[in-house]
Amino acid sequence: LAEVWALTKGLLGASRIAGLNILAEVGFSYPKAISFAGGQPSETFFDLEYWLSTIPVFQRELAKVRGSDEATAAQQLAQYGYVKGIINSLVAEQLGIDLGVTATPDRVVITSGCQEAMALCLQALCPDPRDVVIARNPTYVGLTGAADCAGIAVAPLDLEGLTFATALRAKAAELAAQGKRPRALYVIADFDNPLGGVLTLEDRAAILEVCAQFKIAVVEDGTYRMFSFDENAPPALATLDKEGSVIFLSTYSKTLCPSIRVGCAVIPVSLFGDVAASRALTVDICMRKGFGTLNTSQLNQAVVGGVLLTERMSLKMLVQPAREHYRRNRDALVKALSSAFTSDEGVSWNYPQGGFFLALDLPFAFGEAQMRRCAADYNVIVMPMTFFSLDGSQSTRVRLAFSNLTTEEIAEGIKRFSAYVRKCVQQNATDAV
Ligand SMILES: Cc1ncc(COP(=O)(O)O)c(C=O)c1O
């Protein structure tokens with residue numbers, strides 16, 4: 001681990017990347033601690049036996065589509081394959097049914113998870129040194145990591161007291177005045193990582209309007225969209241998009257499991273009204289993917305394809321128990337926080353409508369040193385929000401992941417964390433005297 005850390009430090013010099021290594025190290029150092037740090041899906045719902053049993057279903061489908069026999073289809077599955085993928089039509093159908101995102105197979109590029117889709121989009125959209133991606137501050141570390149690796153600057157978008165559209169318009173104008181070209185906006189509209197927030201319908205419409213005006217492509221990360229606790233979630237930006245601004249990214253990491261490493265990018269029919277530009281973008285993304293990873297594992301695609309065929313192109317029923325689990329955990333977390341803190345203690349939190357994360361504000365700074373102290377003395381690990389910050393801000397915030405814990409662990413973990421918080425508040429009051 002120390003070696004990995006030294007390598008990443010030397011290569012990127014990015015404290016954001018360092019955050020992930022520190023977190024892993026703290027996790028290893030305190031294996032008995034209750035951890036609200038990592039946002040992994042719950043392992044309770046990993047049904048490998050069922051998923052693997054569906055491979056022959058996809059194999060038969062492949063044989064039918066290609067007019068071959070099943071043995072040939074099996075051999076083809078074990079070979080190198082199309083860069084763009086072999087489950088595009090199944091994925092396109094599922095995105096329409098489950099997420100309300102209209103896709104046609106030719107516009108779907110199958111990738112090794114959402115992470116690869118994101119990295120490829122950034123590289124294809126921002127090839128010039130002046131090109132910049134705008135991201136809400138704080139944001140998902142995978143985005144900043146992918147941008148860092150490609151040498152692409154990330155411009156932080158701070159909303160403090162502003163609507164998304166006002167902040168975005170000002171940022172686009174500011175960047176243009178500096179001679180930079182804002183080419184992409186990275187957004188997690190639904191239950192984002194790290195804040196656990198959801199964009200209103202008004203915000204979504206306004207983002208599309210501003211992005212169309214400035215010709216900024218929206219890279220919409222739909223990783224958590226299947227995990228809404230509310231039946232009336234607003235439509236995806238991709239669904240509302242009339243101008244051809246949105247590239248929608250999805251993944252099977254949370255609906256099935258992260259080790260499946262299958263996700264996708266859906267390119268709009270036309271990029272700001274230009275059909276040729278959209279096709280060129282698709283070719284560019286595929287070329288980069290081809291040289292990067294050749295193709296997404298066909299065996300893993302066969303598992304996703306088999307499950308989709310068996311589930312009749314919708315994963316809603318399959319993820320329902322997991323969704324219920326995440327909702328129960330959200331409820332347990334909010335309940336534990338409400339009973340641990342009184343309203344005059346300066347501790348506040350949001351109420352996530354879906355996903356895996358909750359953001360909590362503290363009356364004092366909480367960084368790496370505090371995370372270590374909390375883990376060592378109180379046996380509970382929480383994630384400083386500074387790890388997700390693009391500019392060192394967010395110093396008094398933490399992210400609590402509630403996805404991969406039991407309700408008992410949540411209750412006990414918050415009891416421990418609140419004892420730590422109370423101790424810090426008392427200490428600060430004593431120091432101030
Ligand atoms: C917002 C967001 N996007 C993308 C990813 C990575 O997804 P994948 O496993 O599909 O690469 C994650 C992982 O936690 C995430 O939180």
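Coordinate-derived values only; no laboratory data. Since the structure is predicted, the reported quantities are computational estimates derived from the model, not experimental observations. Because the Cβ atoms are built from the backbone with ideal geometry, glycine has one as well, and the counts that use them run over all protein chains shown.
Quick check: convex hull of the Cα atoms in segment 18-57, volume per residue, rounded to a whole Å³?
On the way: hull volume 4.7 nm³, N = 40.
Taking only Cα atoms, segment 18-57 has a hull volume of 117 Å³ per residue.
Determine ³J(HN,Hα), in whole Hz, for all residues of segment 95-101 in sequence, where each value follows from phi through the Karplus function 6.51 cos²θ - 1.76 cosθ + 1.60 and θ = phi - 60°; x replaces Gly and Pro.
Each residue of segment 95-101 in turn: 4, x, 5, 8, 10, x, 9 Hz.
Tell me the volume per residue, in Å³, of the convex hull enclosing the alpha carbons of segment 113-184.
80 Å³
Tell me which residues come under 5 Å, amide H to amide H, from residue 34 once H is placed; ignore anything under 5 positions away on its chain.
HN-HN under 5 Å from residue 34: 380, 381.
What nm distance separates the two modelled labels at residue 419 and residue 29, each placed 7 Å from Cα along Cα→Cβ?
Reported label-point gap for residue 419 and residue 29 is 2.0 nm.
Output wanted: per-residue J couplings in Hz (rounded whole) for segment 226-239, from phi through Karplus 6.51 cos²θ - 1.76 cosθ + 1.60, θ = phi - 60°, x for Gly and Pro.
6, 10, 8, 8, 10, 5, 9, 5, x, x, 4, 4, 4, 6
In terms of Cα to Cα distance under 19 Å, which aspartates and glutamates are near enough to residue 423, apart from those fewer than 8 places away along the same chain?
Within reach: 344, 345, 361, 368, 377, 412, 431.
Which Cα, out of 121, 150, 218, lies furthest along the positive dipole direction of the chain (beta carbon charges, K/R +1, D/E -1)?
Of the candidates, 150 comes out farthest on the positive side.
Suppose only helical runs count, i.e. DSSP H with n ≥ 4. What mean residue ellipticity at 222 nm does that imply for the chain under -39500 (n - 2.57) per run, divided by all residues and rounded to the nearest 500 deg cm²/dmol? Please report the intermediate quantities before stating the final value.
Details: 16 runs with 213 residues, N = 433.
Counting only the DSSP helices, I get -15500 deg cm²/dmol.
If each of residue 232 and residue 407 carries a label point 7 Å out from its Cα toward its Cβ, how far apart are those two points in nm?
The answer from the label model is 2.6 nm.
Take every Cα pair under 8 Å in the chain that's 6+ residues apart, average their separations, divide by the length, and report that relative contact order as a whole percent.
Working: 764 pairs, mean separation 101.4, N = 433.
Once divided by the residue count of the chain, the mean separation gives 23 percent.
For an R0 of 35 angstrom, estimate the FRET efficiency from the Cβ-Cβ distance between residue 149 and residue 170 and round to the nearest 0.05.
Details: r = 28 Å, r/R0 = 0.81.
With a Förster radius of 35 Å, E is 0.80.
Contour minus end-to-end for residue 339 and residue 293, with contour as 0.36 nm per residue of separation and end-to-end as the Cα-Cα distance? Provide the component values of the computation, followed by the final result.
On the way: separation 46, 0.36 × 46 = 16.56 nm, distance 4.94 nm.
Extending this stretch completely gives an extra 11.6 nm.
Could you tally the net charge around residue 39, taking each other residue with its Cβ under 10 Å from the Cβ of residue 39, Lys/Arg +1 and Asp/Glu -1? Please report the intermediate quantities before stating the final value.
On the way: positive: 254, 399; negative: none.
Neighbourhood net charge equals +2.
Can you tell me which of 74-87, 212-225 comes out highest on packing, and rank the rest after it, using the mean Cβ neighbours within 10 Å?
On the way: 74-87: 16.9, 212-225: 23.1.
Descending mean neighbour count gives 212-225, 74-87.
Can you bin segment 363-411 into rounded, prolate or oblate? Criterion: square roots of the alpha carbon gyration tensor eigenvalues sorted a ≥ b ≥ c, rounded for a/c under 1.5, prolate for a/b above b/c, oblate for the rest.
Details: a/c = 2.59, a/b = 1.53, b/c = 1.69.
Cα axes put segment 363-411 in the oblate bin.
Quick one: work out Rg over Rh on the C-alpha atoms of segment 155-301, Rh as Kirkwood radius. Please report the intermediate quantities before stating the final value.
Values: Rg = 16.3 Å, Rh = 16.6 Å.
Ratio value, two decimals: 0.98.
How far, in degrees from 0 to 90, does helix 164-177 lean away from the longest principal axis of the Cα atoms of the chain, to the nearest 10?
80 degrees
Determine, from the Cβ-Cβ distance of residue 269 and residue 82 and an R0 of 30 Å, the FRET efficiency 1/(1 + (r/R0)^6), rounded to the nearest 0.05. Before the final figure, lay out each step's value.
On the way: r = 21 Å, r/R0 = 0.70.
In this case the efficiency is close to 0.90.
Taking a quarter of the surface of the convex hull around the Cα atoms of segment 13-155, what do you get in nm²?
On the way: hull surface 51.3 nm².
Average of the hull's projected areas for segment 13-155 equals 12.8 nm².
Just how large is the dipole of segment 336-415 about the Cα centre, in debye to the nearest 20, putting +1 at every Lys and Arg Cβ and -1 at every Asp and Glu Cβ?
Numbers: 5 positive and 9 negative charges, 31 e Å.
Charge dipole, segment 336-415, about its Cα centre: 140 debye, nearest 20.
Taking 8 Å as the Cα distance limit and 6 or more residues as the minimum spacing, I'd like the relative contact order of segment 339-386 as a percentage.
Working: 34 pairs, mean separation 12.1, N = 48.
Reported relative contact order: 25 percent.
P(r) for the chain, please, calculated from all Cα pair distances in 10 Å bins and given in %.
All Cα pairs considered, the percentages come to 4, 21, 30, 26, 14, 4, 1, 0, 0.
For the Cα atoms of the chain, what angle does the longest principal axis make with the long axis of helix 298-310, in degrees from 0 to 90, nearest 10?
90 degrees
Taking the simple approach of a point 7 Å from Cα along Cα-to-Cβ for both residue 373 and residue 64, what is their distance in nm?
6.3 nm
Using 1/(1 + (r/R0)^6) with R0 = 30 angstrom and r between the beta carbons of residue 328 and residue 348, what's the FRET efficiency to the nearest 0.05? Walk me through the numbers on the way to the answer.
Numbers: r = 22 Å, r/R0 = 0.75.
The calculated FRET efficiency here is 0.85.
Please compute the net charge surrounding residue 63, taking Lys and Arg as +1 and Asp and Glu as -1 over other residues with Cβ under 12 Å from its Cβ. Mind dumping the intermediate values first?
Working: positive: 60, 64, 66; negative: 61, 69, 70.
Net of charged neighbours comes to 0.
When the Cα atoms of segment 318-423 are enclosed in a convex hull and the volume is divided per residue, what value in Å³ results? Each step should come with its number before you reach the end.
Numbers: hull volume 10.8 nm³, N = 106.
Hull volume over Cα atoms, normalised by residue count, gives 102 Å³.
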